1. If I filter the range 168-213 down to residues being closer than 13 Å to Leu233 by Cα and β-branched (Val, Ile, Thr), which single residue comes out as most open to solvent (accessible area, probe 1.4 Å)?
2. Tally the residues that are in contact with a Gly (Cβ under 9 Å, 6 or more places away or on another chain), open to solvent by less than 10 Å² (accessible area, probe 1.4 Å) and closer than 16 Å to His301 by Cβ, restricting the search to the range 50-95.
3. What are the residues in the range 202-237 that are among the β-branched types (Val, Ile, Thr) and either in contact with a Cys (Cβ under 7 Å, 6 or more places away or on another chain) or assigned to a helix (DSSP H, G or I) (or both), if any?
4. Kindly indicate whether any position in the range 267-283 is under 12 Å from the mean Cα position of the chain (by Cα) and either closer than 16 Å to Ser125 by Cβ or part of a helix (DSSP H, G or I) (or both).
5. For the structure I just gave you, tell me whether Pro194 is within 17 Å of the chain's Cα centre (by Cα), part of a loop (DSSP other than H, G, I, E, B) and either of a type in the set (Lys, Arg) or more than 30 Å from Met306 (Cα to Cα) (or both).
6. Do we have any residue at all in the range 49-62 that's closer than 24 Å to Ile139 by Cβ, in contact with a Ser or Thr (Cβ under 7 Å, 6 or more places away or on another chain) and in contact (Cβ under 8 Å) with a residue 12 or more places away in the chain?
7. Could you name every one of the strands (runs of 3 or more DSSP E) located completely within the range 126-183 that has at least 1 residues being among the hydrophobic types (A, V, I, L, M, F, W, C) and under 26 Å from Glu212 (Cα atoms)?
8. Can you give me the ranges of the strands (runs of 3 or more DSSP E) entirely in the range 10-73 with at least 3 residues that are β-branched (Val, Ile, Thr)?
Amino acid sequence: MPAVLGFEGSANKVGVGVVRDGKVLANPRRTYVTPPGTGFLPGDTARHHRAVILDLLREALTEAGLTSHDIDCIAYTKGPGMGAPLVSVAIVARTVAQLWNKPLLGVNHCIGHIEMGRLITGATSPTVLYVSGGNTQVIAYSERRYRIFGETIDIAVGNCLDRFARVLKISNDPSPGYNIEQMAKRGKKLVELPYTVKGMDVSFSGILSFIEDVAQRMLATGECTPEDLCFSLQETVFAMLVEITERAMAHCGSQEALIVGGVGCNLRLQEMMETMCQERGAKLFATDERFCIDNGAMIAHAGWEMFQAGHRTPIRDSGITQRYRTDEVEVTWRD
């Protein structure tokens, strides 16, 4: 029964998880939170991760009731993500692997989300909507690859929401996306916004530019409220995501949809996806904030799958890559 320790730190979340044979034994996490109206810079985020990661390691081992001798493999996020945070966490993972004399595994962040979603929900072969601050993709498995059927051609949906939150000076605690979701529940008016779907792909930069340009004027003249803008932005971008997911499901003949990534916690997105799935006679799978937000356990579980399939990452290849596409990884642990 191998036990795998996983390190995640590709953006403003840093986590250490322990997974043994499909059971999450520990999954502590910390978030780097910046003031309202600001984002998080790579250097500052990396400093935050370095300051807390050893405490998280101790916390994870204590929670799991394990010692270094019980760990069979060390997994870490190889990419994609922000360079400095990725490096700060990879160095710790590499050091721990050498100190403990354990094999090392570099994990694709996106595949970590997918495999964790499949584990927690029990979905077998779903069409995956992967939505986060850095990625927006519609994915399905075929012939040892997670194939990307559609994606954003510019910025990710989570990045669009985060940058909109800065316009309205919405708090980043616990996250701008969560606070937009709560404000949207009080919205009454749907403001017409650009809707850009291009085949299987989506574009969010135009809608962001438009709302950045008109928001303050519309609020100053009383045309709408901040809550109306939050509601309108959510409804528009989520409708775009539902459309391309449904198109991919039709193409694949899929009867399962799985939402993963931090934006996947949004209950309104889940509700819209559920409506679409019901109309197709399909089933929706989603997780809560414990597992859809970046966490160490998802890297540990993907690492466990790779470890069981015989994968290893030599120390000389244990760097990071900010651009690491989902379909670059040969998925040898399925079929």
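1. Thr196
2. The number of residues fulfilling the criteria is 7.
3. Passing the criteria: Ile207, Ile211, Val214, Thr236, Val237.
4. No; the residues of the range 267-283 include none that is under 12 Å from the mean Cα position of the chain (by Cα) and either closer than 16 Å to Ser125 by Cβ or part of a helix (DSSP H, G or I) (or both).
5. Working: within 17 Å of the chain's Cα centre (by Cα): no; part of a loop (DSSP other than H, G, I, E, B): yes; either of a type in the set (Lys, Arg) or more than 30 Å from Met306 (Cα to Cα) (or both): yes.
So Pro194 does not fit the description; no.
6. For the range 49-62, residues closer than 24 Å to Ile139 by Cβ, in contact with a Ser or Thr (Cβ under 7 Å, 6 or more places away or on another chain) and in contact (Cβ under 8 Å) with a residue 12 or more places away in the chain: absent.
7. Working: elements: 127-131, 136-142, 145-151.
Those strands (runs of 3 or more DSSP E) span 127-131.
8. 13-20
The values are calculated or read from the model by the stated rules, or taken from the named source; none is laboratory data. Since the model is a prediction, treat every value here as computed from it, not as a measurement. We place every Cβ from the backbone using ideal geometry, glycine too, and count neighbours over all the protein chains shown. Calculation scope for accessible area: heavy atoms of the full protein, side chains included, ligands and nucleic acids excluded. Shrake-Rupley method; radii C 1.70, N 1.55, O 1.52, S 1.80 Å.
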